[in-house]
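The values are calculated or read from the model by the stated rules, or taken from the named source; none is laboratory data. Predicted model, so just to flag it, every value in this text is computed and none were measured. For neighbour counting, all protein chains shown are included, and Cβ atoms are generated from backbone atoms with ideal geometry for every residue, glycine included. Protein only, heavy atoms only, side chains kept; ligands, DNA and RNA dropped before computing areas. Shrake-Rupley method; radii C 1.70, N 1.55, O 1.52, S 1.80 Å.
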Amino acid sequence: MAMEKARDVLVIGGSRYFGKRLIARLLAAGDRVTVLNRGSSPPPAEVVHLTADRDDEDALRAALGPRTFDVVVDQVCYTPRQAAIARRVFTGRTGRYVMTSTVEVYEDEDSSAPVSEAAVDPLAVTVDLELPWDEPEFRDAHYGEGKRQAEAVFAAAGPEFPYTAVRVAHVLGGADDFTGRLAHYADRIRTGEPIAVPATNHPATYIHVDEIAGFLFWTAGQDFTGPVNAASHDPLTTQDLCEALAAQLPSGKVAFRTAEEGEIPSPFSFARSYGMDNSRATRLGYTFTRAREWLPELVR
């Protein structure tokens, strides 16, 4: 059931890309928004800004003071240590905790059919807080594992902690896309340089930057718990993406080559299927768009 009154919402992180679009939606809905980050990126003037390092539990508690929230949306939880701190700090302080997770939790799955949430049960994931999660290189190399274990911390038995983990598909769109992934293809199409793909190149699911902001906003107002997949309909292949780009670059050329052994292929080319089943969110009442409908306009 959706909340109808103005809410007190805390967004942890959220200073760029779909996070700032989420904040804009919350403000437009009349919610009272607080943003907590390390202070490197100031949020809009209309929000309360708290500064703290979320990895420092004492500093986090001090920054929050006695504040409580209807909803917390955690955009930057990457490790089980961060999740453990958040669970201790926010138990009894929020009515709902929304963690932004990722399709990468399914990195060990390889199914030709879209993968449902049941493929990775947080209650079955082993948590190891002793791994070097504070080392950036280790954390980046174990991104999917860090997210899986973070979800497991929130799902574990203990004091009541109503959480949901939004497993986000690959996000596309927006002039402020900082990843450079779509630009990688556009640059090669302009020059005719071959694009590296695996010998067998599989499709993946995607979601528009505005749609994931809308989905997080919607999720904040619901009462379901546990993991939920967020992806537009229509898996796309590397060829689909490149053909959409080439339609806007008439002087360019799409050429592929097989990646050599040990070579990292282009950003959106996958040696295994990367599709997510979005039927749980659909049953709960969310209507997703179709990627093939918004892709041409996104590319333009």
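Between Glu263 and Ala113, the distance separating the two model label sites (each 7 Å from Cα on the Cα→Cβ line) works out to 3.5 nm. When the chain is treated as a GNM with alpha-carbon contacts under 10 Å, the residue of Thr126, Thr102, Thr219 showing the greatest mean-square fluctuation is Thr126. Amide H contacts of Arg167: Ser101, Val228, Asn229, Ala230, each under 5 Å away and 5 or more positions distant or on a separate chain (H built 1.01 Å from N in the peptide plane; Pro and chain starts excluded). On a per residue basis, the chain carries 46 Å² of accessible surface, using protein heavy atoms and a 1.4 Å probe.
With a ≥ b ≥ c taken as the square roots of the eigenvalues of the C-alpha gyration tensor of region 212-300, please select rounded if a/c is under 1.5 and otherwise prolate if a/b is larger than b/c or oblate if it is not? Taking the square roots of the gyration eigenvalues as a ≥ b ≥ c, region 212-300 is oblate.
Each part gets one Cα centre, and for region 153-209 versus region 222-300 those centres are 8 Å apart.
Among Leu284, Leu245, Leu36, the residue with the largest mean-square fluctuation in a Gaussian network model of the chain, with springs joining Cα atoms closer than 10 Å, is Leu284. Cα to Cα, under 24 Å, and not fewer than 8 places away if on the same chain: which lysines meet these conditions relative to Lys5? Of all the lysines, those that pass the test against Lys5 - Cα under 24 Å, at least 8 places apart if same chain - are Lys20.
Evaluate the relative contact order of the chain (contact order divided by residue number), counting alpha-carbon pairs under 8 angstrom at least 6 apart; express in whole percent.
It comes to 19 percent, rounded to a whole number.
Over region 68-164, Cα pairs under 8 Å with separation of 6+ residues give a relative contact order of 43 percent. Shape class for the chain, computed from the alpha carbon gyration tensor (a ≥ b ≥ c): prolate, with a/c not under 1.5 and a/b above b/c. A run of the chain free of exposed loop cleavage sites, with GluC sites (Glu not before Pro) counted only in DSSP states other than H, G, I, E and B and at most 12 other beta carbons within 10 Å, reaches its longest extent at 161-259.
Largest GNM mean-square fluctuation across Thr289, Thr179, Thr164, computed for the chain with C-alpha springs under 10 Å, falls on Thr179.
With r defined as the distance between the Cβ atoms of Ala28 and Arg88 and R0 fixed at 22 Å, what FRET efficiency is calculated, to the nearest 0.05? Rounded to the nearest 0.05, the efficiency is 0.10.
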